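J.: Attaching a single structure in structure tokens format; questions to follow.
The values are calculated or read from the model by the stated rules, or taken from the named source; none is laboratory data. Source: prediction; values computed, not measured. Here the Cβ is made from the backbone with ideal geometry for all residues, glycine too, and neighbour counts use every protein chain on show. These accessible areas exclude ligands, DNA and RNA; they are computed on the full protein's heavy atoms, side chains included. Shrake-Rupley method; radii C 1.70, N 1.55, O 1.52, S 1.80 Å.
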Amino acid sequence: MWRRRCAGGAWPRRHGDAMVVTGSSGNSVHSLDDRPALDVYLDRHAAPAGVEHDPTAFTAFALTRPLAIARRGDVAIRHVLGADPKFHSHPSLAAYSHEAVVHEALTLMAYLAGITNRITLATGILILPQRQTALVAKQAAQIDVLSGGRLRLGIGVGWNAVEYEALNETFENRGRRSAEQVAVLRALWTQPVVDFRGEFHRISHAGLNPMPIQRPIPIWFGVGSRDHAVPPDAALRRIARLADGWSPNLTPDAHGQAIVARVHQYARDAGRDPARLPLEGRIRIGGQSPDGWTKQVNAWKALGATSVIGEARGRCWRVTIHNADGSMGESCGNGARCVARYLLDRHGGEELELSFAGGDVVARREGTGIAIAFAPPPSPEPIAVDGVRGYRVSFGNPHVVLFVPDPANADLTALAVAARAALGDANVEVARVVAPDLILLRVDERGVGETLACGTGALGAVVAALSLGEVNAREVRVRLPGGTLLVRPGPDRYELVGPAEYVFRGELAS
């Protein structure tokens with residue numbers, strides 16, 4: 001996902017009917033392709049800044065652009081409450097804090113049902129376990145009636161424990177409870193009178209009126225996130241047993257293919273035909289050419305996707321790095337965070353992308369710092385330099401990570417000379433794993449010499465330590481002479497987190 005390049009390009013022409021999806025990433029989606037093999041959806045319109053705060057302006061805008069329903073950070077509509085990052089900690093609070101303007105999903109759907117005629121309305125996603133099931137059934141049925149049977153209910157279990165507490169719902173059992181909620185919804189949408197006794201619900205001979213036009217309304221499951229793209233096994237099994245379709249937040253590569261295969265096997269285990277479980281992919285639109293969109297769509301089509309959501313977010317800047325010796329650098333972890341902070345402060349927003357020669361990174365605010373996400377590197381190569389074992393790792397920059405008993409007293413300069421002579425130009429690190437979540441590190445950077453800190457070096461050290469089997473933590477501290485960086489390893493991304501300071505020193509050449 002992050003190894004593409006920033007590129008321009010005109011929007012393709014729109015064909016056929018459209019579909020509106022409201023959800024956490026703020027996407028409107030339009031059909032681009034009438035071919036039955038694959039329907040493609042894409043965001044083309046976003047509400048101007050400030051519109052979301054003015055009900056009159058927002059109404060006027062929606063009437064003239066009814067498909068423009070959301071813009072990241074402004075009109076995201078999955079949440080009920082936003083938590084204050086000063087008192088709560090979660091990666092997603094960088095975008096969805098108490099400062100994010102949030103429009104309620106089902107209320108907005110009812111409004112859109114009244115000003116549109118053909119588009120499908122879909123929540124992407126509604127956090128079902130934090131809401132009363134019978135009330136959601138009533139609201140969804142009403143929207144389906146108002147829209148003439150155009151609603152698709154996308155559901156998920158969410159991440160915001162603060163919301164659950166405030167809504168007087170239990171966060172810890174949300175997955176199991178959501179499965180029972182699906183059964184209750186379908187019963188209320190298809191039976192005039194329902195008598196239901198479950199673990200979490202009790203309905204004594206009661207029913208909805210009016211009932212929805214679609215009986216039942218299709219229920220799609222959203223699963224995964226940018227921070228945790230690999231869903232728990234229990235979530236995949238719920239999809240296989242219960243969903244009318246699913247929208248995973250994963251990358252359409254070999255890893256994504258393995259997850260899709262698991263869901264299909266679970267569906268067969270549950271007596272369902274996987275072909276009757278449609279898959280909706282997700283592509284990044286911002287900064288790409290039509291060729292880039294096509295490649296992503298084809299990748300999802302190869303996984304069996306029947307539709308694709310296009311995320312229009314993703315402002316992207318190209319960044320060129322010059323090392324101290326004048327050579328061109330491939331990437332820079334700490335530099336990326338400082339550049340990202342400058343751009344976010346100057347242009348606003350919570351997330352952007354930076355394109356380096358060594359690959360693209362996604363940068364976002366996290367509290368007072370900046371977190372950047374890299375695609376996972378290729379498998380590390382075991383090596384030895386002067387009898388010291390280590391690994392060669394490509395993480396934006398080439399790295400040689402050598403494990404020594406005491407990095408503080410190791411002859412880093414001599415090891416760097418020997419490593420480059422034997423293995424080629426690279427940043428050279430000496431490291432020691434002192435705990436499953438702590439690595440000591442020193443770095444000799446190409447063209448610079450020993451440096452106080454190195455972001456991609458910290459990432460490389462964690463990858464190498466994982467290969468040794470000596471690191472086992474969701475967040476690893478990497479302690480360098482200049483301070484401590486945090487690395488969050490994962491199967492689909494590696495995040496580097498830490499402060500991003502403004503430091504200017506030097507002079508302009510005449």
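J.: Residues ALA384, ALA371, ALA363: which one is over 25 Å from GLY483 (Cα atoms) and assigned to a strand (DSSP E or B)?
T.: When all the criteria are applied, what remains is ALA384.
J.: Within segment 224-241, can you find the residues that are at pLDDT 90 or above and open to solvent by 30 Å² or more (accessible area, probe 1.4 Å)?
T.: ASP233, ALA234, ARG237, ARG238, ARG241
J.: Which residues, counting only those in segment 298-341, are under 30 Å from ALA122 (Cβ atoms), at pLDDT 85 or above and surrounded by 15 or more Cβ atoms within 10 Å (Cβ to Cβ)?
T.: Applying the first criterion (under 30 Å from ALA122 (Cβ atoms)) to segment 298-341 yields 298-316.
Then drop every residue that is not at pLDDT 85 or above, which leaves 298-308.
Answer for segment 298-341, where residues must be under 30 Å from ALA122 (Cβ atoms), at pLDDT 85 or above and surrounded by 15 or more Cβ atoms within 10 Å (Cβ to Cβ): ALA299, TRP300, LYS301, LEU303, GLY304, ALA305, THR306, SER307, VAL308.
J.: Look at VAL404 and say whether it is open to solvent by 10 Å² or more (accessible area, probe 1.4 Å), free of Cβ contacts under 8 Å to residues at least 40 places away in the same chain and more than 29 Å from ASP253 (Cβ to Cβ). Don't jump to the end; show me each part of the working.
T.: Numbers: open to solvent by 10 Å² or more (accessible area, probe 1.4 Å): yes; free of Cβ contacts under 8 Å to residues at least 40 places away in the same chain: yes; more than 29 Å from ASP253 (Cβ to Cβ): yes.
When the stated conditions are applied, VAL404 passes them.
J.: I need every pair where a residue in segment 247-262 that is more than 13 Å from GLY304 (Cα to Cα) has its Cβ under 8 Å from the Cβ of a residue that is among the basic types (Lys, Arg) and part of a loop (DSSP other than H, G, I, E, B), sequence separation at least 6 or different chains.
T.: ASN249/ARG226
J.: Look at LEU441 and say whether it is under 19 Å from VAL388 (Cβ atoms), outside any helix (DSSP H, G or I) and modelled with pLDDT of 90 or more.
T.: Taking the combined requirement at face value, the residue satisfies it.
J.: Is there a residue in segment 342-349 that is farther than 16 Å from PRO499 by Cβ, crowded, with 19+ Cβ neighbours inside 10 Å, of a type in the set (A, V, I, L, M) and within 19 Å of the chain's Cα centre (by Cα)?
T.: So far as segment 342-349 goes, no, none of its residues is farther than 16 Å from PRO499 by Cβ, crowded, with 19+ Cβ neighbours inside 10 Å, of a type in the set (A, V, I, L, M) and within 19 Å of the chain's Cα centre (by Cα).
J.: Considering only residues that are within 19 Å of PRO499 (Cβ to Cβ) and either surrounded by 15 or more Cβ atoms within 10 Å (Cβ to Cβ) or among the acidic types (Asp, Glu) (or both), which ones fall in segment 438-460? It would help to see each step written out before you state the result.
T.: Kept after step one, since they are within 19 Å of PRO499 (Cβ to Cβ), are these residues of segment 438-460: 438-439, 441, 443, 451-459.
Hits for segment 438-460 are LEU438, ILE439, LEU441, VAL443, THR451, ALA453, CYS454, GLY455, THR456, GLY457, ALA458, LEU459.
J.: Identify all residues within segment 359-384 that are free of Cβ contacts under 8 Å to residues at least 40 places away in the same chain and open to solvent by less than 20 Å² (accessible area, probe 1.4 Å); write none if there are none.
T.: Residue satisfying the conditions is ALA363 alone.
J.: Okay, moving on. Look at segment 168-185 and say how many of its residues are of a type in the set (A, V, I, L, M, F, W, C) and surrounded by fewer than 16 Cβ atoms within 10 Å (Cβ to Cβ).
T.: 1
J.: Would you confirm, using the coordinates I've provided, whether VAL434 is open to solvent by less than 30 Å² (accessible area, probe 1.4 Å) and either closer than 13 Å to VAL478 by Cα or modelled with pLDDT of 95 or more (or both)?
T.: In short, no.
J.: Test of understanding: among ARG150, ARG202, which residue is without any contact (Cβ under 8 Å) to a residue 12 or more places away in the chain and not acidic (Asp, Glu)?
T.: On the way: ARG150 fails: without any contact (Cβ under 8 Å) to a residue 12 or more places away in the chain.
Matching residue, one of ARG150, ARG202: ARG202.
J.: Examine segment 458-475 for a residue that is within 21 Å of CYS332 (Cβ to Cβ), in contact with a His (Cβ under 6 Å, 6 or more places away or on another chain) and in a helix (DSSP H, G or I), and state whether such a residue exists.
T.: yes
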